[in-house]
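A quick write-up on the structure given underneath.
What follows is calculated from the coordinates using simple rules that are stated; it is not laboratory data. Just so we're clear, the structure is a prediction, and the values are computed from it rather than from any experiment. Here the Cβ positions follow ideal geometry from the backbone for every residue, glycine too, while neighbour counts run over all protein chains shown.
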Amino acid sequence: MYPAPQDIPLENPETTPQEHHLLDFLVDILETLILAVILFFIINTASARIKVDGSSMEPTLHNGEFILVSKVNYKFGEPRRGDVIVFDFPRNITQEYIKRVIGLPGEHIHVADGKIYVNDQLLSEAYINDAPRYQGDWDVPEDTLFVLGDNRNNSSDSHNWGMVPLDNVVGKAIFIYWPPPYWG
């Protein structure tokens, strides 16, 4: 014969209620820690947090601001003109730079009289304060980008050291998250 349902013990009789609550609490903590580690891994795979160092991107970005960078934007497409990107500096890949994409692969960049032309078309740049005081011509090879800082006359960028290989692009700057008055 089978025992009646009321005769089957539901809990270990050796476990006190306090021990049972402690065990539940420890399981909750373990589950929370595992979830936190998984979320941390996902967030760090998909994004980066970068501190702006210097004034080369003013007035768009300021020294000391922190930005969120999407690492997945360019897994499904390539940078577009006007995107603000973070990349590994071609001359020292341990340094990350942040600049604006001006020229795309196969394009010709011409800078003269304070204006920038892409394939002989004037580039409208409402995001800069001062026009560039330098001049030059650059052809953007395949698989590279021509980038400039928004503070045109106080920026180390493609007009000084050349193109950025697409493989060096870390991601697209998408959000200023610190300090709070500059969120967005």
Exercise for the section: May I ask you to list the lysines whose Cα is less than 26 Å away from that of Lys51, ignoring any residue fewer than eight positions away on the same chain? Expected result: Lys71, Lys75, Lys99, Lys172
Handout entry: Surrounding net charge for His62, when Lys and Arg each add one and Asp and Glu each subtract one, Cβ distance under 12 Å
Key = -3
Fill in the blank from the handout: Once phi for every residue in the stretch 133-141 is put through the Karplus expression 6.51 cos²θ - 1.76 cosθ + 1.60 (θ = phi - 60°), the whole-Hz ³J(HN,Hα) values, with Gly and Pro written as x, are 9, 10, 9, x, 10, 9, 9, 8, x
Completion exercise
Answer in debye to the nearest 20: the dipole magnitude of the chain about its Cα centre, from +1 Lys/Arg and -1 Asp/Glu charges placed on Cβ, is 780
Handout entry: Part-to-part distance (alpha-carbon centres) for the stretch 34-50 and the stretch 63-124, which is given in Å
Key = 26
Practice task
Per DSSP H run of at least 4 residues, take -39500 (n - 2.57); add these up for the chain, divide by its residues and hand me the 222 nm value, nearest 500 deg cm²/dmol.
Solution key: -6000 deg cm²/dmol
Handout entry: Additional length obtainable on full extension of the chain from Ala131 to Lys115, 0.36 nm per residue less Cα span
Key = 5.1 nm
Fill in the blank from the handout: Row for the chain, column shape: gyration tensor on C-alpha, a ≥ b ≥ c, rounded if a/c < 1.5 i.e. under 1.5, prolate if a/b over b/c, else oblate; value prolate
Exercise for the section: Can you put Ser70, Ser56 in order of Cβ neighbours within 10 angstrom, beginning with the fewest? Expected result: Ser70, Ser56
Exercise for the section: May I ask you to derive the FRET efficiency for Lys71 and His108 from their Cβ-Cβ distance with R0 = 25 Å, giving the value to the nearest 0.05? Expected result: 0.25
Handout entry: Virtual spin-label span in nm between Thr45 and His21, 7 Å along Cα→Cβ
Key = 3.9
